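Inspection log for the structure reproduced underneath, given as structure tokens.
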């Protein structure tokens, strides 16, 4: 089971690296397998197709970011960490350039299970009263990333507004 999880983690990491290089549309399972240092059969043992793998990658990123934010010492620090992760993510940066339709789907808040997960995790970290403001602020950074100084300033301002 540990090997199975290790392979899955390697595949998702490989997928993120390949997407950072060529975007999601141009990525393919063979390149992802090569990047993950697993066989193509191993990739298909975990995921039926690229779409399932991408959705799983998005889910794992939501959970990773929620854990990161949840470990921060205060709301301003959590907001700053999330802002930096989103603003400097190489896979998101590439997708904004190469896959605008995919990005448009990702940033359109909907009843999709991944959006429900993002909402749930944002509520857990920032409270049910403030999740919407936080989520909209973070989504905006996918297409318009912030500098480190902007992240710090806006995180502090938003944290004060959340009180």
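Assigned to a loop (DSSP other than H, G, I, E, B), surrounded by fewer than 17 Cβ atoms within 10 Å (Cβ to Cβ) and on the phi < 0 side of the Ramachandran plot: is that true of residue 48 in this structure? Considered against the rule, which asks whether it is assigned to a loop (DSSP other than H, G, I, E, B), surrounded by fewer than 17 Cβ atoms within 10 Å (Cβ to Cβ) and on the phi < 0 side of the Ramachandran plot, residue 48 comes out as yes. Under the condition of being in a helix (DSSP H, G or I) and within 14 Å of the chain's Cα centre (by Cα), the residues counted in region 76-103 number 17. Among the residues in region 95-110, are any more than 24 Å from residue 20 (Cα to Cα) and exposed (fewer than 13 other Cβ atoms within 10 Å of the Cβ)? Yes, because at least one residue in region 95-110 is more than 24 Å from residue 20 (Cα to Cα) and exposed (fewer than 13 other Cβ atoms within 10 Å of the Cβ).
Put simply, of 43, 18 the only residue that is within 18 Å of residue 99 (Cβ to Cβ) and either surrounded by fewer than 21 Cβ atoms within 10 Å (Cβ to Cβ) or in contact with a helix residue (DSSP H, G or I) (Cβ under 9 Å, 6 or more places away or on another chain) (or both) is 18. Scanning region 113-132 for residues that are more than 16 Å from the chain's Cα centre (by Cα), assigned to a helix (DSSP H, G or I) and more than 19 Å from residue 68 (Cβ to Cβ) turns up just one, 132.
Checking 143, 118 one by one, the residue that is touching a helix residue (DSSP H, G or I) at 6+ places or on another chain (Cβ under 9 Å) and surrounded by 18 or more Cβ atoms within 10 Å (Cβ to Cβ) is 118 and no other. Of all residues in region 121-136, which are without any contact (Cβ under 8 Å) to a residue 24 or more places away in the chain, surrounded by fewer than 17 Cβ atoms within 10 Å (Cβ to Cβ) and touching a helix residue (DSSP H, G or I) at 6+ places or on another chain (Cβ under 9 Å)? 123, 129, 132, listed by residue number. If you go through region 66-74 one residue at a time, do you hit one that is surrounded by fewer than 16 Cβ atoms within 10 Å (Cβ to Cβ), under 30 Å from residue 44 (Cβ atoms) and either in contact with a helix residue (DSSP H, G or I) (Cβ under 6 Å, 6 or more places away or on another chain) or at pLDDT 95 or above (or both)? Yes - at least one qualifying residue is present in region 66-74.
To keep it simple, each residue is scored yes or no on (1) at pLDDT 95 or above; (2) more than 24 Å from residue 11 (Cβ to Cβ).
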{"site": "59", "(1), (2)": "yes, no"}
{"site": "64", "(1), (2)": "yes, no"}
{"site": "90", "(1), (2)": "yes, no"}
{"site": "106", "(1), (2)": "no, no"}
{"site": "137", "(1), (2)": "yes, yes"}
{"site": "150", "(1), (2)": "yes, yes"}
{"site": "158", "(1), (2)": "yes, yes"}
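The values are calculated or read from the model by the stated rules, or taken from the named source; none is laboratory data. Bear in mind the structure is a predicted one, so any value in this text is a computation, not a measurement. Cβ atoms come from the backbone with ideal geometry, glycine included; neighbour counts cover every protein chain shown.
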